[in-house]
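Only one structure is covered here, and it is reproduced in the block below.
The values are calculated or read from the model by the stated rules, or taken from the named source; none is laboratory data. Here the structure is a predicted model, which is why all the values come from computation and not from measurement. Ideal geometry is used to build each Cβ from the backbone, glycine not excepted, and the neighbour counts take in all protein chains shown.
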Amino acid sequence: MVSSEAAPLAKTGGLADVVGSLPPALRALGDEAAVCIPRYGSIALKGLRRVYDALPVYLGVDRYDTAIYQAPEEYPFYLLDCPPLFDRAGFYGESGLDYPDNHIRFAVFCRGALAAARYLFRTEILHCHDWQSGLVPAYLRTTFSLDPTFVGVKTLFTIHNLGYQGLFPKTILPEAALDPALFQPNGLEFFGSVSYIKSGIALADALNTVSPTYAREIQTPEFGFGLDGILRARAGVLTGILNGVDYREWSPETDPYIPARYSAADLSGKRVCKEELLAEFGLPAAPVGRPLLGIVSRFTRQKGADLLMEAIRDILAQDVYLVALGNGDPEYEEAFLALAGSFPDRVRVRVGFDEALAHRIEAGADMFLMPSHYEPCGLNQIYSLRYGTVPVVRATGGLDDTIEEGTGFKFTEYSGAALLGAVLEAVRTFSNEPVWRDMMRRGMARDFSWKTSAAAYSALYRDLLTRP
Ligand code: ADP
């Protein structure tokens, strides 16, 4: 697997959870899998083993000196080291701005990952994830097309989010050592620019997205980000495989981050989690019997931050409380902080990325809000189900595929009014305790573990190997 993130070492979102938990799930089925990510500045070299020294990557006339490290995971977990490119504060940028050399960074990364496949882990499948690994199929079809190491190797490109595309001006082609012949509408050209995600979409042997509904949605202009045409053209090799989740990390029975453990059979610990969460956020005066809404999210329009801002005043008129953790667009970070400033007794916000707090919110909240504009799969609503924290979601992508009547509340129209309607219904249901408890327990019993999804990937790999 070639990915820019993998838990536990490098995570900004769901991609990391998936790439961190799919390989062990595949191994449990008897498949071998390895992962390669960049060695970012936040990943200490201490604890890593240097397994390949002095690996020069040539992009045209430019030479990048790299090395490969291995992390002590239960499966081969490689990190491509190139300090001038990756030893930085962010993964993709800082202060809301992308690094200006991202086209080089992820070109070198793709070449380094291919070197890992050449020297350290011979593979039959290169499974690439999102735009950062989109050049792998391009290099295989051009630079390495006659290379015996890669003869017969197939590529699978997984789209975790079509909204992030890796778009660069045409002038980068030589800097990234990309064959000019690739620059065409059935290759990596996107309206005059170079698109790394389109490279993956156009050139991989097979494609998938992380839920069946999102696989359909991205073939429409509304969700296609201009790529719906090529996705429709490749519909024959495009499938949707719902992400699994790792219940070893996300279960209220065993979670080390939460103040009290609980289960569907004994929910008493959840109340403790709620009280502690209110106290942690400085809301001790909030009546514990009133609904506490939780949000853990990137603060972006994709996640419906604008809808929330539209509806929140009417929501708060219901005597409910909100705790939110997130970071992302500065505009929405400010909007969340301003909201907390306006409603200090009702709303508390933490801007940042905090894994432990994310767990405590999942455990301590009564309801979890995900009013996403689009959602390829979404993991938090699945975690919420397991924690008995009833999701209120917009019926799109994976949210629509994982939440049903009886386990959560869904609305369809992308409007503040529709969100408000769903929250009102949730608040009404909350006041009927037995009904609410049934709903919590139904959600807690739902199983989205990797078993099914890993088997689907395994079958897809096998199918790929039989294709010419
Ligand atoms: P996306 O990948 O689009 O951000 P997902 O729902 O697929 O959304 O996955 C989000 C993952 O990132 C979850 O594991 C969630 O708990 C985590 N996460 C998101 N924002 C934060 C944050 N600010 N602090 C801690 N964890 C976060």
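Brief remarks on what is shown
- Every residue from segment 312-333 that is buried (at least 22 other Cβ atoms within 10 Å of the Cβ) and not β-branched (Val, Ile, Thr): Tyr321, Leu322, Ala324, Leu325, Gly326, Tyr332
- Matching entry among Glu375, Glu405, Glu425 (being of a type in the set (D, E, K, R) and in contact with a helix residue (DSSP H, G or I) (Cβ under 6 Å, 6 or more places away or on another chain)): Glu375
- Members of segment 182-235 that are hydrophobic (A, V, I, L, M, F, W, C), over 21 Å from the mean Cα position of the chain (by Cα), crowded, with 20+ Cβ neighbours inside 10 Å and over 21 Å from Leu460 (Cβ atoms): Leu182, Leu188, Phe190, Val194
- Residue among Thr407, Thr452 that is within 18 Å of Leu369 (Cα to Cα) and in contact (Cβ under 8 Å) with a residue 24 or more places away in the chain: Thr407
- Of all residues in segment 61-71, none are modelled with pLDDT of 95 or more, more than 27 Å from Asp179 (Cβ to Cβ), in the same structural domain as Ala113 (by TED's automatic domain parsing) and assigned to a loop (DSSP other than H, G, I, E, B).
- The lone exception for Ser251 - which of (1) closer than 14 Å to Gly388 by Cα; (2) modelled with pLDDT under 95 it fails: (2)
For (1) surrounded by 13 or more Cβ atoms within 10 Å (Cβ to Cβ); (2) out of contact with any helix residue (DSSP H, G or I) (no Cβ under 7 Å at 6 or more places or on another chain), each residue gets a yes or a no:
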| position | (1), (2) |
| --- | --- |
| Arg63 | no, yes |
| Thr66 | yes, no |
| Phe77 | yes, yes |
| Asp81 | yes, yes |
| Leu85 | yes, no |
| Tyr92 | yes, no |
| Gly96 | no, no |
| Pro100 | no, yes |
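- Test: Gly397 is surrounded by fewer than 21 Cβ atoms within 10 Å (Cβ to Cβ) and either in contact with an Asp or Glu (Cβ under 7 Å, 6 or more places away or on another chain) or of a type in the set (Lys, Arg) (or both): no
- Residue in segment 296-310 that is surrounded by 14 or more Cβ atoms within 10 Å (Cβ to Cβ) and within 19 Å of Asp345 (Cα to Cα) present: yes
- Residue check for Phe77: under 21 Å from the mean Cα position of the chain (by Cα) and of a type outside the set (D, E, K, R): yes
- Residue in segment 334-357 that is within 10 Å of the ligand (Cβ to nearest atom), surrounded by 24 or more Cβ atoms within 10 Å (Cβ to Cβ), aliphatic (A, V, I, L, M) and under 30 Å from Ser42 (Cβ atoms) present: no
- Considering (1) surrounded by 14 or more Cβ atoms within 10 Å (Cβ to Cβ); (2) more than 15 Å from the ligand (Cβ to nearest atom), the lone condition that Ser268 does not fulfil carries the number (1).
- Looking across segment 20-44, the residues that are part of a helix (DSSP H, G or I) and either within 16 Å of the ligand (Cβ to nearest atom) or of a type in the set (Gly, Ala, Ser) (or both) come down to Gly20, Ser21, Leu22, Ala25, Ala28.
- Only residues that are at pLDDT 95 or above, in a loop (DSSP other than H, G, I, E, B) and farther than 19 Å from Leu178 by Cβ were counted across segment 74-98, and they come to 8.
- Subset of segment 6-19 [buried (at least 24 other Cβ atoms within 10 Å of the Cβ) and either more than 9 Å from the ligand (Cβ to nearest atom) or over 9 Å from the mean Cα position of the chain (by Cα) (or both)]: Ala6, Val19
- In segment 125-173, the residues that are within 16 Å of the ligand (Cβ to nearest atom) and of a type in the set (Asp, Glu): Asp130
- Every condition in (1) more than 14 Å from the ligand (Cβ to nearest atom); (2) under 28 Å from the mean Cα position of the chain (by Cα); (3) not β-branched (Val, Ile, Thr) holds for Gly328 except the one numbered (1).
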